[in-house]
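**Q** Got a structure for you, questions after.
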Amino acid sequence: MTLERRPSHALARIRHELAHLGERPEPASRRILPALADYLVSDHAGAYALSPVEHGNELEFYHFQGDGFPEWIPSFANALRRHPRGFLQFDPMRPEPAQRNRVCNLPVARVRAAVGTGPWASEPAAHHRMLLRFDQLRTLICDGPVLVAWVGVVRPQAYDPALERRLRRLIPLLRDRLVLDERLGIGAGAAAALAVAMERLSDAAYVMSPGGGVVHANAAGAAHLSAVPDLREELRRCTGRAEPGLTVHRLRAPGLPPYALAVRRTPPEPATARARALAAQLRLTPRQAQVLQGVARGASNKTIAVELGCAEISVERHVTALLARTGCPGRSALAARVWAER
């Protein structure tokens, strides 16, 4: 395996992924792995974090690039629970100061010695087979004394000083991004909770970065981004000043940049026209079509019931029927389906 693998291109990709999360809140530690493997000339790259539990540690998250990793995750996780200390020559919760945010080049012979003489020697063979095949080049990204994530690559060949220098160059970028994610709570669990909460909104909703970029959009918001050409610029402007039809809530916390939640009220006329088009396509009943129009413009069941002069439970039943008819998982996805109509 040669050193040349377009390192400048891979580095640019890593920088981009660390600076932008995109429209869905995927952890940066996962997004960077393909480019990290290219940059460090490896076929396997990974990142994981740990959480302390009684009598051991749990994997908080794990992301891996390359074949062979999934098969050894269960035995790896079990070993973590049984052996919280002496984990391949570092404390998985509080590494020594000399190990924090530093490059570590672990030849396979050193790995074999650590595994063969340490508490992991009696563990099942699945992760042993993986560990004992590869040299490791990794860093322990830390926030002060606390380990935020193990980030590294493995391959059968030795890693030379040039690749060590490449990883060393990345450490400040990795530390800034992953520590920020840790403090913002942009991990897998928090991202899932954020997505569920925002999908409860029928209106288009966006989490905006301080620079005006879209960090996360619910289904209705993503549909609006596709349907409204100038919406990104409108959202970018709203982080600096009020915009008609947009409600902006500032999200502030000590030590964090000012993010914002922007909710875009759906204009009634375009929503009604698109809802009518979908109703005709699906051959909905007149009442279902009226309820669909209300959902498309972001009205609650109670509001729709008042407008139609019926009981709220009736609206709920119509919404349930609409979700079943369209195959949409929720109101936000149903509104997005309406906005996908041309």
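**Q** Within the stretch 288-304, identify whether any single residue is loosely packed, with under 15 Cβ neighbours inside 10 Å, among the aliphatic types (A, V, I, L, M), without any contact (Cβ under 8 Å) to a residue 24 or more places away in the chain and over 27 Å from Pro229 (Cβ atoms), and answer yes or no.
**A** Checked against the condition, which is being loosely packed, with under 15 Cβ neighbours inside 10 Å, among the aliphatic types (A, V, I, L, M), without any contact (Cβ under 8 Å) to a residue 24 or more places away in the chain and over 27 Å from Pro229 (Cβ atoms), the stretch 288-304 yields no hits at all.
**Q** Could you tell me whether Ala280 is closer than 21 Å to Ala204 by Cα, among the aliphatic types (A, V, I, L, M) and out of contact with any Ser or Thr (no Cβ under 6 Å at 6 or more places or on another chain)?
**A** no
**Q** Which members of the stretch 304-320 meet the condition of being under 34 Å from the mean Cα position of the chain (by Cα), over 16 Å from Ala220 (Cβ atoms) and not charged (D, E, K, R)?
**A** Result: His318, Thr320.
**Q** Follow-up. Scanning for something in contact with a Gly (Cβ under 6 Å, 6 or more places away or on another chain), modelled with pLDDT of 85 or more and crowded, with 18+ Cβ neighbours inside 10 Å, does the stretch 138-147 turn up at least one residue?
**A** yes
**Q** Would it be correct to say that Ala324 is modelled with pLDDT of 80 or more, surrounded by fewer than 16 Cβ atoms within 10 Å (Cβ to Cβ) and not hydroxyl-bearing (Ser, Thr, Tyr)?
**A** Against the criterion (modelled with pLDDT of 80 or more, surrounded by fewer than 16 Cβ atoms within 10 Å (Cβ to Cβ) and not hydroxyl-bearing (Ser, Thr, Tyr)), Ala324 qualifies.
**Q** How many residues are assigned to a strand (DSSP E or B), within 18 Å of Glu164 (Cβ to Cβ) and either at pLDDT below 75 or not polar (S, T, N, Q) (or both) if we restrict to the stretch 85-114?
**A** 5
The values are calculated or read from the model by the stated rules, or taken from the named source; none is laboratory data. Here the structure is a predicted model, which is why all the values come from computation and not from measurement. When we count neighbours, we look across all protein chains shown, and the Cβ atoms used for this are built from the backbone with ideal geometry, even at glycine.
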